[in-house]
Amino acid sequence: MSDAERPEIAVIGGSGFYTFLDDPREVEVDTPYGKPSAPIAIGNVAGRTVAFLPRHGPQHNFPAHKVNYRANLWALRSLGVRQVLAPCAVGGLQLEYGPGTFLVPDQLVDRTTARIQTFYDEGACHISFADPYCSRLRGHLLNGLAGHDPVDGGTMVVIEGPRFSTRAESQWYAAQGWAVVGMTSHPEAVLARELALC
């Protein structure tokens, strides 16, 4: 793959978001962590080469707790990706975040229980995760969505799934002031950070 064909930006699609690019070419990528959820689709958006990967597979084959997050992020990085946009379907925890709200989170709370969440299986290595989401990318999203009234900031709590929260759990999350609840931002965000992806 030539430098001009290398995607620097990737989009990871969530539930209901399985295709993105017109007439993409597909690239099969093997990783030390197995196969990613699907072949990586590479195409052009507004003059830039972009990669696309449906995190759940092309037919929603993998529930959130079975996604091979390490293979997905490793595959994108190996193709040259440096920035990742990873939209996901979530539930609102506050009345003001009803259906159709576009929220750009700035914090994350991990409530998962059984996911591999690091590439570092040996040796001592500590990665800063105080600010889990790239401030530069967040700024681009907020400025680029003028007219759509995106919500600037909020905490996403990530649960294991595949079940949704009980009423008591949702009330507890809401009482903490957390904004939305989803199932995929962790370990996706921390693995991206370990690979120096923004």
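Efficiency by 1/(1 + (r/R0)^6): what FRET value for ASP152 and ASP121, r their Cβ-Cβ distance, R0 = 30 Å, to the nearest 0.05? Could you put the intermediate results ahead of the total?
Values: r = 36 Å, r/R0 = 1.21.
E(calc), rounded to 0.05, equals 0.25.
For region 1-101, compute Rh as the Kirkwood radius over C-alpha pairs and then the Stokes-Einstein diffusion coefficient at 37 °C and 0.692 mPa s; write the answer in µm²/s, rounded to an integer. It would help to have the intermediate numbers written out before the result.
Numbers: Rh = 14.2 Å.
It comes out at roughly 231 µm²/s.
Dipole size in debye (nearest 20) for region 28-179 around its Cα centre, Lys and Arg Cβ +1, Asp and Glu Cβ -1? Spell out each step's value before the answer.
Details: 13 positive and 12 negative charges, 63 e Å.
Result for region 28-179 is approximately 300 debye, rounded to the nearest 20.
At 7 Å along the Cα-to-beta-carbon direction for both ALA89 and ALA175, put a label point, then send me their distance in nm to one decimal.
For the pair ALA89/ALA175, the computed spacing is 2.9 nm.
Put a dot 7 Å past each Cα toward the Cβ at HIS140 and GLU160; how far apart are the dots in nm?
About 3.6 nm, to one decimal.
Please work out how much length the chain gains when fully extended from LYS35 to VAL109, using 0.36 nm per residue of separation minus the C-alpha to C-alpha distance, in nm with one decimal.
Numbers: separation 74, 0.36 × 74 = 26.64 nm, distance 2.74 nm.
Result: 23.9 nm gained on full extension.
Tell me, which cysteines of the chain are without a disulfide-compatible partner by the Cβ under 4.7 Å rule?
Within the chain, the cysteines lacking a partner Cβ under 4.7 Å are CYS88, CYS125.
Can you give me the % of accessible surface on region 64-128 that is carbon or sulfur? Probe 1.4 Å, all protein chains present, nothing else counted.
Working: 1890 of 3760 Å².
Using a 1.4 Å probe with all protein chains present, region 64-128 comes out at 50 percent carbon and sulfur.
So how far apart, in nm, are the two label points at ARG82 and GLU28 if each is 7 Å from Cα heading toward Cβ?
For the pair ARG82/GLU28, the computed spacing is 3.0 nm.
Solvent-accessible area per residue for the chain at a 1.4 Å probe radius, Å²?
Computed with neighbouring chains in place, this is 54 Å² per residue.
Based only on Cα atoms, what mean projected area does the convex hull of region 1-60 have, in nm²?
Working: hull surface 17.8 nm².
Seen from a random direction, the Cα hull of region 1-60 projects 4.4 nm² on average.
State whether region 121-178 is rounded, prolate or oblate according to the following rule on the C-alpha gyration tensor (a ≥ b ≥ c being the square roots of its eigenvalues): a/c under 1.5 gives rounded; otherwise a/b larger than b/c gives prolate, and the remaining case gives oblate. Show your work: numbers first, answer last.
Numbers: a/c = 2.39, a/b = 1.06, b/c = 2.25.
Because a/c hits 1.5 or more and a/b fails to exceed b/c, region 121-178 counts as oblate.
Within the accessible area of region 129-198, what % is carbon and sulfur when the probe is 1.4 Å and the other protein chains stay in place?
Carbon and sulfur: 55 percent of the exposed surface of region 129-198.
In whole Å and largest first, what semi-axes does the C-alpha gyration tensor of region 59-161 yield when each eigenvalue is scaled by 5 and square-rooted?
Details: eigenvalues 131, 64, 46 Å².
Output for region 59-161: semi-axes of 26, 18, 15 Å.
For the chain, treating each Cα as an identical point scatterer without solvent, what Debye log10 I(q)/I(0) comes out at q = 0.11, 0.12, 0.17 1/Å?
Each listed q maps to, in turn, -0.50, -0.60, -1.23.
Name the residue from CYS125, VAL81, LEU95 whose Cα lies farthest towards the positive end of the charge dipole of region 44-167, charges +1 on Cβ of Lys and Arg and -1 on Cβ of Asp and Glu.
VAL81
The values are calculated or read from the model by the stated rules, or taken from the named source; none is laboratory data. Every value quoted in this text rests on a predicted model; they were computed, and no experiment measured them. FYI the Cβ positions are ideal-geometry reconstructions off the backbone, even for glycines, and counts take in every protein chain you see. Ligands, DNA and RNA are excluded from the accessible area calculation, which covers all protein heavy atoms including side chains. Shrake-Rupley method; radii C 1.70, N 1.55, O 1.52, S 1.80 Å.
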